[in-house]
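Heads up: the structure comes next, in structure tokens.
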Amino acid sequence: MNEIMIHPHTYIHHNAKVATNVKIDPFSVIHQNVEIGEGTWIGKFEGEVTSVEIGDNTTIREFVTIHRGTKDKWKTVVGNNCLIMAYSHIAHDCEIGNHCIMSNNTQIAGHVVMGDYAILAGMCAVHQFVKIGQHSFIAGGSLVQKDVPPYIKAGRTPLSYAGVNSVGLKRKGFTVEKINEILDIYRYVYNKGMNTTQAMDYIEEEFPVTDERDEIVTFIRESGRGIIKRFSKTSIDEDLGN
């Protein structure tokens, strides 16, 4: 084993078999009964200076993994007051907002953006580059391959629009009038037979300017992967009384 190529901060079990021209970067762990062949490099990225930034009052439970950034964004960010539950994973270059919850075994691939107050129930898997809007709720066991707009619930297979997240919004202090406004907007997104461009044009023309309206329109217009669809044409919007 060529000692010059093995960093002193690397741990290698004395029973491991390592070839003579292997390069192993710092903080790697090589256990017993491992054999590494000639010409192998075990390292991290290309030596670029990257980071993970975690905000105040964020709780990270057992066996969570969070990867630092790469050359794409140079950092992975987790906001303030988040709860990252056991066995969850946040990959490189993700941007997790404030007050987010990731339940047990949630797996988030690289470059995912998650808005404030978004909640992922247990065992969700989120595809790389997906965007999840603020105040949204995604049901447990979901495979998230498309963008999830703000203020909504998403569930079923394939992942689909399941109504406005009225319970979550009420808990955050949204008024019934504001929730009804959001619900009316999403009726035009999902129920009126318009394509996305037509729905956005109509909403901008016919709905008064509010922060929530603009958040929804901007999110959908800027969606790179496209937003999730409605499960079926016969589904009925959630009623605030339910």
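In Å², and per residue, what accessible area does the chain have when probed at 1.4 Å with the other protein chains present?
With all protein chains present, the chain gives 54 Å² per residue.
Give me the distance between the Cα centres of segment 1-72 and segment 117-181, rounded to whole Å.
Between the Cα centres of segment 1-72 and segment 117-181 lies a distance of 36 Å.
Under a Cβ-only charge scheme (Lys and Arg +1, Asp and Glu -1), can you give me the dipole magnitude of the chain about the Cα centre, in debye to the nearest 20?
660
Provide Rg and Dmax in Å for segment 72-148, with only Cα atoms included in the calculation.
According to the Cα coordinates of segment 72-148, Rg and Dmax are 10.7, 31 Å.
If you roll a 1.4 Å probe over the chain with all protein chains in place, what percent of the accessible area is carbon or sulfur? Intermediate values should be presented prior to the final figure.
On the way: 6660 of 13060 Å².
So the carbon and sulfur contribution to the accessible surface is 51 percent.
Given the rule -39500 (n - 2.57) for each run of at least 4 DSSP H residues, summed and divided by the residues of the chain, what is its mean residue ellipticity at 222 nm, to the nearest 500 deg cm²/dmol?
Roughly -5500 deg cm²/dmol at 222 nm, from the helical runs in the chain.
Let's see if you can work this out: charge +1 on each Lys and Arg Cβ, -1 on each Asp and Glu Cβ, no other charges. What is the dipole magnitude of segment 149-203 about its Cα centre, in debye to the nearest 20? Walk me through the numbers before you get to the answer.
Numbers: 8 positive and 4 negative charges, 63 e Å.
I would put it at about 300 debye.
Of 148, 123, 197, which is farthest along the charge dipole of the chain in the positive direction, counting Lys and Arg as +1 and Asp and Glu as -1 at C-beta?
123
Using only the alpha carbons, work out the radius of gyration and Dmax of the chain in angstrom.
22.4, 72
Taking N as the number of residues in segment 116-242, what value does Rg over Cα atoms divided by 2.2 N^0.38 Å take?
This ratio for segment 116-242 stands at 0.98.
What is the angle, in °, between the Cα long axis of helix 196-206 and the longest principal axis of the Cα atoms in the chain? Nearest 10 is fine, range 0 to 90.
50
From zero up to wherever the largest Cα-Cα distance of segment 187-233 sits, split into 5 Å bins and tell me the percent of pairs in each.
All Cα pairs considered, the percentages come to 4, 21, 31, 26, 14, 3.
Give the average over all directions of the projected area of the C-alpha convex hull of segment 24-136, one decimal, in nm².
For segment 24-136, the mean projected area of the Cα convex hull comes to 8.2 nm².
I need the phi-derived Karplus couplings for segment 160-169: 6.51 cos²θ - 1.76 cosθ + 1.60, θ = phi - 60°, integer Hz, Gly and Pro marked x.
Rounded to whole hertz, the list is 9, 4, 10, x, 7, 7, 5, 5, x, 5.
For the cross-link pairs 131/192; 71/172; 17/75, which exceed 27 Å when the distance is taken from alpha carbon to alpha carbon?
On the way: 131/192 24 Å; 71/172 36 Å; 17/75 35 Å.
Flagged as over cut-off: 71/172; 17/75.
Work out how far the C-alpha atoms of segment 12-79 reach from end to end along every principal axis, then list the three figures in whole Å, largest first.
Over segment 12-79, Cα extents along the principal axes are 45, 28, 12 Å.
The values are calculated or read from the model by the stated rules, or taken from the named source; none is laboratory data. Quantities reported herein were computed from a predicted structural model and do not represent experimental measurements. Ideal geometry is used to build each Cβ from the backbone, glycine not excepted, and the neighbour counts take in all protein chains shown. All accessible areas refer to the heavy atoms of the entire protein, side chains included, with ligands and DNA or RNA removed. Shrake-Rupley method; radii C 1.70, N 1.55, O 1.52, S 1.80 Å.
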